[in-house]
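The values are calculated or read from the model by the stated rules, or taken from the named source; none is laboratory data. Bear in mind that the values here come from a model prediction, so they are computed numbers and not experimental data. All Cβ positions, glycine included, derive from the backbone under ideal geometry; neighbour counts span all protein chains shown. The protein model used for the area step is the full one, side chains on, heavy atoms only, and it has no ligands, DNA or RNA in it. Shrake-Rupley method; radii C 1.70, N 1.55, O 1.52, S 1.80 Å.
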Amino acid sequence: MSTRMSTSNTAPAAERVALAGVELEVLRSGAGNPLLLLHGFQHLDPASPLVELLAREASLIAPSHPGFGKSSRPDDFRSVYDLVNLYLGFLDTLPQGPVTLMGLSFGGWLAAEIAVKAGKRIGKLILVDALGIRISEPTTPDILDIFNAHPREVTSKSWHDAEKFAPRYDDMEDEDIIQRSQNWETLCRYGHHPYMHQPQLKRWLPSIKASTLVLWGASDGIVKPSYGQAYAKLIPGARFETIPNAGHHPEIEQPEALAAAVRAFLKS
Amino acid sequence: MEAWYQCEIPYPYVDQKVLDAAPSVRASLPNRYCDPKIAADLFEECIDEFLLCDDLGINVIGIEHHGGINSMLASNPMLMSILARQTKKVRILSLGTLITLRPDPVRVAEEYATADIISRGRLEIGFVKSGGSEIASSNVSAIDNGERYWEAIDLITKALTSHDGPFSWEGRHFTHRHVNIWPRPYQQLPRMWSATGDASTSRDVGRRGMVHTLVLRGPEGTKAAYAANIKARAEAGLPPSTTDLFSYAALVGVGETEEEGMRIGEKLLWFLNTSLKSAPQFGKFLPGGPPPWAAPSIYRTKPRAPKNAEEAAKMAALKPSVATQGGMMGTTPEMAKQQGILFAGTPDSVYKQIKDFHDYVGGFGHLMMIGRSGPMTHAETEKSVNLFAREVLPRLKEIKTVQAGFNQ
């Protein structure tokens, strides 16, 4: 097992929440105003530095999407439509008052959808290398086709420093590899078509009420910073910042810088 | 036993250096390497070979693959309609449209009904679950491939057999609210086939009474799939299966001498050794392809030994193409013959190989001969097919239809 995947004894334990027929695995840590964090291609590692860093700033609540991690996925739960409705219901289980919603990559797409629908319930919105919209003309793929591209290309475009941060399967235990493979399949189920976006979402981004920060790994080759800039322009008052020395996963390559940007935004 | 001829109309003329350098010769190899004049010549030769089969009493099969050198038959119903008009006597089997790749099965039903009309009722309809490179070429995902397969077949069957005006279909995967195809098929319902080797689909094929085809699966895999089919049918209380509900597809090369037959066999093996090269994202990493439990051996660059015999058996049962990248590459004619994926040699020898295989797996009523592939020439193909028709086929026809699974 690689050090990045290891679960230390100090990592917070996940709770199980039953909601809409789903047994949801939810990681909770820290105190203060709620920060709902929606993960990207892989579910959140409880031992990742980001969890500890964000728990210093807020009451971190990080569910694994149905079919990811230990969260169940009922047979009739099949789409981003289901995910958005699930999390709208999940918001109702949180204490009254504005919630900070943060989404990474695929989870950024969900966060944008939820922010459109949940109105003032979302006080602050943080999108990190988010997917979910189409910007370019038809022959320019906005988002690398991670399912049809060669795994070598997906790796090289995912990371600023792939040598250091790309997963090393040879060192992992069977159960971790199986879990990652299961996550990948679930991601494909939700995001295959239309590929990693909802064609109508762009139209509704201007209606987002939350104060918004769009953060982007400067070296992201899965979805480029220019896409993030265009995304930010569609959300009223959104600020766009890049995180140096990070690819598509700043939460893994630059957790301190990411947490610092979140901290500054929460205090603003 | 009936014999059927198939040729995938491959394109074996891309420079080997280009193929060696490409991560995949399917789905992503640029089509600038396809010379349209050569492609036209190949289609002309291959369609002539199908017509030769019509003269010789060998039924014909059209298959479908997408986006690669292994086959230029990207649209099965187009070949079906040509054969429907150009042949006069033999049965014509579509094996088949890669149905889970098509957004609207009703269009496929229309195309099949038309081909059945043109052939005056000589069409048979088969379905194959698509492979990973085809899935990429067709903008779909492999997830729920099995569900889409059966829903599409149900919708096509209903479209072909409903004659009382429009019906509506709003299923999980396909929606078509106004189905009323013209023309209706010439036959009430063409006989239906399914090519599959996995146990779960084999059971469904048995319960549905479709003709069950195994393609290049060898004696053990074929026997196991047939057995799953027969058992499921018996458990469902259906009449016992007869051998005409089973078929086997293999590479077949017939020569005047053993050596000549094996030389043809070597050329046929181009299909396995060269045309299957596929990038890992279209095979072992395909979401919805290999089961998650197989991930450790797939993801690791240095797979660990199986923990126990049960794990080793599970891995061995995976299709070679998903368990390891390009699992069938490097197969020699002798190995292929040993594995029951190539029947090659003199007519006597080829007949004996087929008969032995037939007896070992418990009987089948249809031999699907893959009779041309790779660098085989038109002349070589015609010679092999002629020898087969003259000296092997009459003996195969002597093998009567009996209850299947007689060796179980």
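Would you call residue B:41 assigned to a helix (DSSP H, G or I), away from every other protein chain (no Cβ under 14 Å) and free of Cβ contacts under 8 Å to residues at least 12 places away in the same chain?
Details: assigned to a helix (DSSP H, G or I): yes; away from every other protein chain (no Cβ under 14 Å): yes; free of Cβ contacts under 8 Å to residues at least 12 places away in the same chain: yes.
Yes: the conditions hold for residue B:41.
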| query | Do the conditions hold for residue A:214, that is, is it closer than 16 Å to residue A:111 by Cα, open to solvent by less than 10 Å² (accessible area, probe 1.4 Å) and in contact with a Leu (Cβ under 8 Å, 6 or more places away or on another chain)? | reply | yes
| query | Got at least one residue in region B:295-311 being modelled with pLDDT of 95 or more and open to solvent by 50 Å² or more (accessible area, probe 1.4 Å)? | reply | no
| query | If the Cβ limit is 8 Å and pairs must be 6+ apart or interchain, which residue in region A:58-83 that is within 17 Å of residue B:143 (Cβ to Cβ) pairs with which residue that is among the small types (Gly, Ala, Ser)? | reply | A:65/A:71; A:65/A:107; A:66/A:72; A:73/A:67; A:74/A:21; A:77/A:21; A:77/A:67; A:80/A:191
| message | Which residue is nearest to residue A:147 (Cα to Cα), if the candidates are limited to region B:288-301 and must be within 7 Å of chain A (Cβ to nearest Cβ) and not in a helix (DSSP H, G or I)? | response | B:288
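In this structure, is residue A:242 open to solvent by less than 40 Å² (accessible area, probe 1.4 Å), polar (S, T, N, Q), at pLDDT 95 or above and at negative phi?
On the way: open to solvent by less than 40 Å² (accessible area, probe 1.4 Å): no; polar (S, T, N, Q): yes; at pLDDT 95 or above: yes; at negative phi: yes.
Spelling it out, it is not the case that residue A:242 is open to solvent by less than 40 Å² (accessible area, probe 1.4 Å), polar (S, T, N, Q), at pLDDT 95 or above and at negative phi.
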| Members of region B:166-202 found to be closer than 20 Å to residue B:95 by Cβ and buried (at least 18 other Cβ atoms within 10 Å of the Cβ), listed by number | B:185, B:186, B:187, B:190, B:192, B:193, B:194, B:195, B:196, B:197, B:201, B:202
| request: Consider residue B:184 carefully, then state whether it is without any contact (Cβ under 8 Å) to a residue 60 or more places away in the chain and either not hydrophobic (A, V, I, L, M, F, W, C) or not in a loop (DSSP other than H, G, I, E, B) (or both). | output: no
| said: Residues that are open to solvent by less than 30 Å² (accessible area, probe 1.4 Å): list the strands (runs of 3 or more DSSP E) wholly contained in region A:13-110 that include at least 3 such residues. | reply: A:22-29, A:34-38, A:59-63, A:99-104
| request: Exactly one condition in (1) surrounded by fewer than 17 Cβ atoms within 10 Å (Cβ to Cβ); (2) on the phi > 0 side of the Ramachandran plot is not met by residue B:216; state its number. | output: (1)
| field | Test result for residue B:384, at pLDDT 95 or above, in contact with a Gly (Cβ under 6 Å, 6 or more places away or on another chain), closer than 27 Å to residue B:41 by Cα and of a type in the set (Ser, Thr, Tyr) | value | yes
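For residues that are part of a helix (DSSP H, G or I) and closer than 12 Å to residue B:219 by Cα, scanning just region B:342-354, find the one that is most open to solvent (accessible area, probe 1.4 Å).
Our first condition is that a residue be part of a helix (DSSP H, G or I); within region B:342-354, this holds for B:347-354.
Then drop every residue that is not closer than 12 Å to residue B:219 by Cα, which leaves B:353-354.
Working: B:353: 33, B:354: 0 Å².
Restricting to residues being part of a helix (DSSP H, G or I) and closer than 12 Å to residue B:219 by Cα, the top hit is B:353.
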| When the residues of region B:1-24 are filtered to those that are within 14 Å of chain A (Cβ to nearest Cβ) and either in contact (Cβ under 8 Å) with a residue 60 or more places away in the chain or part of a loop (DSSP other than H, G, I, E, B) (or both), which remaining residue is nearest to residue B:215 (Cα to Cα)? | B:24
| Quick one: which of B:226, B:248 is under 30 Å from residue B:377 (Cβ atoms), aromatic (Phe, Trp, Tyr) and open to solvent by less than 30 Å² (accessible area, probe 1.4 Å)? | B:248
| message | Can you pull out every residue in region B:117-139 that is farther than 25 Å from residue B:275 by Cβ and under 18 Å from the mean Cα position of the chain (by Cα)? | response | B:123, B:124, B:125
| query | Within region A:163-192, how many residues turn out to be under 20 Å from residue A:86 (Cβ atoms) and either touching a Ser or Thr at 6+ places or on another chain (Cβ under 7 Å) or more than 7 Å from chain B (Cβ to nearest Cβ) (or both)? | reply | 7
| said: Taking the condition of being under 26 Å from residue B:168 (Cβ atoms), within 14 Å of another protein chain (Cβ to nearest Cβ) and surrounded by 19 or more Cβ atoms within 10 Å (Cβ to Cβ), how many residues in region B:119-140 meet it? | reply: 1
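With β-branched (Val, Ile, Thr), surrounded by 18 or more Cβ atoms within 10 Å (Cβ to Cβ), within 28 Å of residue B:26 (Cβ to Cβ) and touching a strand residue (DSSP E or B) at 6+ places or on another chain (Cβ under 8 Å) as the only criterion, which of A:178, A:143, A:133 stands out?
Working: A:178 fails: touching a strand residue (DSSP E or B) at 6+ places or on another chain (Cβ under 8 Å); A:133 fails: within 28 Å of residue B:26 (Cβ to Cβ).
Exactly one of A:178, A:143, A:133 is β-branched (Val, Ile, Thr), surrounded by 18 or more Cβ atoms within 10 Å (Cβ to Cβ), within 28 Å of residue B:26 (Cβ to Cβ) and touching a strand residue (DSSP E or B) at 6+ places or on another chain (Cβ under 8 Å), namely A:143.
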| message | Which of the numbered conditions does residue A:157 fail, given that it passes all the others? Conditions: (1) open to solvent by 30 Å² or more (accessible area, probe 1.4 Å); (2) more than 18 Å from the chain's Cα centre (by Cα). | response | (2)
| request: Take region A:115-155 and flag every residue that is within 14 Å of chain B (Cβ to nearest Cβ) and not hydrophobic (A, V, I, L, M, F, W, C). | output: A:138, A:141, A:145, A:148, A:150, A:151, A:152, A:153, A:155
| For residues in region B:15-67 being open to solvent by 40 Å² or more (accessible area, probe 1.4 Å) and among the aromatic types (Phe, Trp, Tyr), which is nearest to residue B:370 (Cα to Cα)? | B:43
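So for region B:200-210 (the condition being polar (S, T, N, Q) and at pLDDT below 95), does at least one residue qualify?
Here is the first cut: in region B:200-210, the ones polar (S, T, N, Q) are B:200-202.
When the remaining residues are screened for being at pLDDT below 95, the result is B:200-201.
For region B:200-210, residues polar (S, T, N, Q) and at pLDDT below 95: present.
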| message | For region B:276-287: of the residues being in a loop (DSSP other than H, G, I, E, B) and in contact with a Ser or Thr (Cβ under 6 Å, 6 or more places away or on another chain), which is nearest to the other protein chains (Cβ to nearest Cβ)? | response | B:279
